1. From the Cα gyration tensor of chain A, with a ≥ b ≥ c the square roots of its eigenvalues, which class applies: rounded if a/c is under 1.5, or else prolate if a/b is larger than b/c, or else oblate?
2. Using mean Cβ contacts within 10 Å as the protection proxy, how do B:29-41, B:242-254 order, highest first?
3. Give me the angle, in degrees from 0 to 90, between the Cα long axis of helix B:31-48 and the longest principal axis of the Cα atoms of chain B, rounded to the nearest 10.
4. Show me, for the range B:63-71, the HN-Hα J-couplings you get by feeding each phi into the Karplus relation (A = 6.51, B = -1.76, C = 1.60, θ = phi - 60°), rounded to Hz, glycine and proline as x.
5. Give the long-range amide H neighbours of A:Leu105: residues separated by 5 or more places, or on another chain, with amide H under 5 Å away, using H modelled in the peptide plane at 1.01 Å from N.
6. What do you get for the angle between helix B:73-84 and the principal long axis of chain B? Use alpha-carbon atoms, 0 to 90 degrees, nearest ten.
7. Going by the alpha-carbon gyration tensor, a ≥ b ≥ c the square roots of its eigenvalues, is the protein assembly as shown rounded (a/c under 1.5) or, if a/c is not under 1.5, prolate (a/b greater than b/c) versus oblate?
8. Assuming R0 = 30 Å, can you tell me the calculated FRET efficiency for the pair B:Ala309 and A:Phe56, based on Cβ-Cβ distance, to the nearest 0.05?
Amino acid sequence: MTGELLLGPGEVARTMRRLAHEIVENNHGTDGLIIVGLLTRGHPLALRLGRLINEFEGVEVPVGSLDIGLYRDDVARRGQPTPLRPSSIPANIDGATVVLVDDVLFTGRSIRAALDALLDFGRPARVRLATLIDRGHRELPIRPDFVGKNIPTALIQEVQVLLKETDGEDAVYVLNTEASHA
Amino acid sequence: MLDVQERPAAGAVEAPAWHRKDLLDTDVLSRAEVELVMETADAMLEVRSRPVGKVATLRGATVVTLFYEQSTRTRASFEVAAKAMGADVVNLTASGSSVEKGESLIDTVRTLEAIGADLLVMRHGKSGAPYLAARHTKAGVINGGDGTHAHPTQALLDLYTMRRHLGGLEGKRVVIVGDVLHSRVARSNIWTLLTAGADVTLCGPATLLPRTLASAGGEHGRVTLTANLDEAMADADVVMALRIQKERQATGLIPSLREYINVYQVNAARAAKAKPGALIMHPGPMNEGIEIAPDIAHGVDSVIEEQVANGVAVRMAVLYLMATARTK
């Protein structure tokens, strides 16, 4: 497998700062804002956005985590159970603006599952989607509102996001899988 | 399948796996498997805490509860768990089914499979009956209690309840007191507790303590048998009272109910000998005033009702793991 470094730690940090500003600008402030990260890597990104917004707005925005394992559309096809973790939604989402956060947007199926999972907690006024990487190849009509970086990829490639919180470093790689050399 | 690539596994986090068609007892479960059930149950408990404590994950799956013996909590708990996971549930009891017409267990199980049962939760008065059933069906079989042999989901929910209060079970002392001889709950609990690293003390009249269980802890000697409850209680982290089946008195295994109460009832005086805050547990149904004093059964350290609530989450976890791990 060969990999190409797409974003280093500095670029990830700058991208997250821009996303945080965009979210607040789009929401006309922080009123009614709740940030919810998809487990696993969307959650640390959501926490970072919460910290950044607190830095420049002086407001603590509720940040939660969402596990989509019970809502996947391939539960019966995988032959193995998806590992589950408890979700944690820290505030009432009824009438709120919920920003879902994920690391990579690809087919859109995870986000479809996340919407179902989120709506089990209440009825938000609106749901927005923020993603660090949009790699294309959507299979469902889902569109992000806040994008860190668009990366055109081939289906045989993989995008790997590494985060300090989960992997010890901040980096985004595009990996060419073995199939691409065949 | 492509969706999997959306979150590539960085680092060496190995995904836990479940490869069992059946859950018949806890003796075969590895520490990793028990851990997987516990972690999955955490997620299920969170689901149960929501305004609508229900998901649709197992829609399209059919769970049949087949109970040849009476039961309140286990059957109801499985039914609630299966419905909370979105599965369809069919409840069968021996009375009112073709079992009364003399249908054999194997034929019943095959019929249920033909009807479309994916998972079969079975309780039977004969030890080993679910093993026989499991060999004759492609449906996953969950033992809901067989004779005096095993009750795996009870043991898992007991362990789950202990972990919620004590954290890890490593080095903790669990006392199980009562009719160990006839208790499938005690047997299945011994295996999960040993797997989790706890030390187990089995206590009761010598007639109700099978000597063979002393070697259950292997060479580590982590299972102790004693007829002296007052001694057993010292430094206990958990005290689990077992139901005394009143009909046992007729068999001469206990001299009299009154003497049993005097010597083996878990009451305030005895609970005071355990560690402060030691958990009081009971698998139910309780004979209050016999194996457990009412003030202890409903006291501050009692987690008996919590056991029942956790039972739903643990059974949701078991149903989820077994239904999704099934190979097509």
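No value in this document is a laboratory result; all are computed from the given coordinates. What you are looking at is a predicted structure, and each value in this text was computed from that prediction instead of being measured. Cβ placement follows ideal geometry from the backbone for every residue including glycine, while neighbour counts extend to all protein chains displayed.
1. On the way: a/c = 1.88, a/b = 1.26, b/c = 1.49.
In terms of gyration-tensor shape, oblate.
2. On the way: B:29-41: 18.5, B:242-254: 15.7.
The densest-packed peptide leads the list: B:29-41, B:242-254.
3. Helix B:31-48 and the main axis of chain B meet at about 80 degrees.
4. Ordered by residue, 3J(HN,Hα) equals 10, 10, 9, 10, 10, 8, 10, 5, 6 Hz.
5. So A:Leu105 has HN proximity to A:Ile133, A:Asp134, A:Arg135.
6. Computed tilt is about 30 degrees.
7. Verdict is prolate for the protein assembly as shown.
8. On the way: r = 44 Å, r/R0 = 1.46.
Given R0 = 30 Å and the Cβ-Cβ separation, E is 0.10.
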